[in-house]
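Down below is the structure, laid out as structure tokens.
Just so it is clear, none of the values below were taken in a lab; they were calculated from the coordinates. Values in this document were obtained by computation on a predicted structure and should not be read as measured data. So basically every Cβ, Gly included, is an ideal-geometry build from the backbone, and we count neighbours across all protein chains shown.
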Amino acid sequence: MIVEHLELRNFRNYDSAKISFMPGLNVLFGANGQGKTNLLEGLFFLSCARSFRVSEDRQMIQDDKDAAKLSVRVRNDDREQILSGVIYPSQKTLSVNKRPVAKLSEFVGLLNTVLFSPLDMELFHQAPRYCRRFVDQELSKVSRDYLESLRSYNGVLKERNLVLKGEHVDMVYLSVLNTRFVQAMWPVVTGRRKFISELNALLPDHYQKLTGEKHEVQLRYRPGFVWVQNAAELEKQVEKNVQRDLTMHQSVSGAHKDDLEILLDQHPADGYGSQGQKRMLMLALKLSLCSWIEAKSQKKPVLLFDDVFSELDFRHQQQLLNCLPEGVQTLITTTDDSALREYSLPCRRFVIHEGTIEEKNGG
């Protein structure tokens, strides 16, 4: 999978921008606040139909503008696709080859990106909903079935909670909802559990290659209910807990309470590992994701590394560059490209300054 060309209009600090990338390594160089991260945000939006920085799409529209427009040309083997998005203050439209899509699942993942952002470090100590969002985001890009199951689960959860908040609860209707609740939940939780298990098979090797150190690294899936072996047992658990849910006026347990823990040498990495270790662990997780996506989809994703060199010494910067997956297109933003001067493979370099893009010769 290769991003060939990106166009932005009225997006963040770009009035109008066009940039073409090479298949290998592309470096976006410039001082802070010039628009480097905005380019990656645009690509991420065209991959996931959302920002990785803000919760409201309208924040990506330039002030005093009615809409922001984004378009990317993506090549998969010999096939090219144009993915487009228009962001309005209260809605967005998504298109594939200039044809609007009816469902989010028809768009998400057509451009599959793996992003590292300094914001990812929040995964070590943020609330469980951030960990669930990370897992859901990656699974949804590879599996349309998972995305539809997740949407179904969130819909039933909302309906069930409304019933539980009612003054007079129709217990027959609640029983019907319990069955739908479990039917929607089971593929979500089993999908998450399998995903974490498969990442754990990849993570230690990537961490050792990045650091040269042998540490036990692991992700731990923490379900928001007592784990059972099948959907029938889960339904019994939900029925058993109905009185508690009625008392609390909400669904106390379920997939919406799942959590993820990152372990280093069997300890929670947040309080046990150094900042450097945690940063390398997060990078190893992103490279593991890259391998996992390729195995699942038979397509190489595009790596987006935002400000990846900060807080890494020169040796670890070099190790990261040496560990970039072969044949995977990579975009790196940086304020200091000194590590790249020792990089032996060709790369395309761009200087970003106040929302303008200039290709730098001699890269």
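Structure notes:
- For the stretch 255-363, a Kirkwood hydrodynamic radius built from all Cα pairs, placed in the Stokes-Einstein relation at 37 °C and 0.692 mPa s, yields a translational diffusion coefficient of 203 µm²/s.
- For the stretch 113-177, GluC sites (Glu not before Pro) meeting the loop criterion (DSSP other than H, G, I, E, B) and having at most 10 other Cβ atoms within 10 Å: E167.
- Pairwise label distance in nanometres, N322 with K194, each label 7 Å out on the Cα-Cβ vector: 3.7
- Modelled label positions at E342 and T93, each set 7 Å beyond Cα in the direction of Cβ, lie 5.1 nm from each other.
- Listed by Cβ neighbour count within 10 Å, with the fewest neighbours leading, I332, I293, I2 appear as I2, I293, I332.
- With q set to 0.15 Å⁻¹, the log10 of I(q)/I(0) for the stretch 122-298, from the Debye formula over equal scatterers at the Cα positions, is -0.88.
- Note: relative contact order over the stretch 1-116, using C-alpha pairs below 8 Å and six or more positions apart, is 27 percent.
- Rg/Rh for the stretch 200-284 stands at 1.18; both radii use Cα atoms, and Rh follows the Kirkwood definition.
- Whole-number percent relative contact order across the chain, with pairs defined as alpha carbons under 8 Å at least 6 apart: 25
- Span-like helix check, the chain: qualifying full DSSP H segments, with Cα axial length of 15 Å or more and mean Kyte-Doolittle of -0.5 or more, are 36-48, 171-200, 275-297.
- One Cα centroid belongs to the stretch 268-288, the other to the stretch 141-172; the line between them spans 34 Å.
- C-alpha center-to-center spacing [the stretch 120-134, the stretch 242-264] in angstrom: 16
- The value of relative contact order for the stretch 122-298, using C-alpha pairs under 8 Å at least six residues apart, is 30 percent.
- Neighbour counting of Cβ atoms within 10 Å sorts the residues T190, T247, fewest neighbours leading, into T247, T190.
- Separation between Cα centres of the stretch 31-102 and the stretch 222-236, rounded to whole Å: 38
- For the stretch 1-156: rounded, prolate or oblate by the Cα gyration tensor [a/c cutoff 1.5]: rounded
- Each DSSP beta bridge with both residues in the chain is either parallel or antiparallel, and the antiparallel ones are about 70%.
- Here, the chain has an Rg and a Dmax of 22.0, 73 Å when only alpha carbons are counted.
- Too-long pairs where the Cα-Cα distance tops 18 Å, listed order kept, from K36/K300; K92/K296; K194/K296; K158/K194: K36/K300; K92/K296; K158/K194
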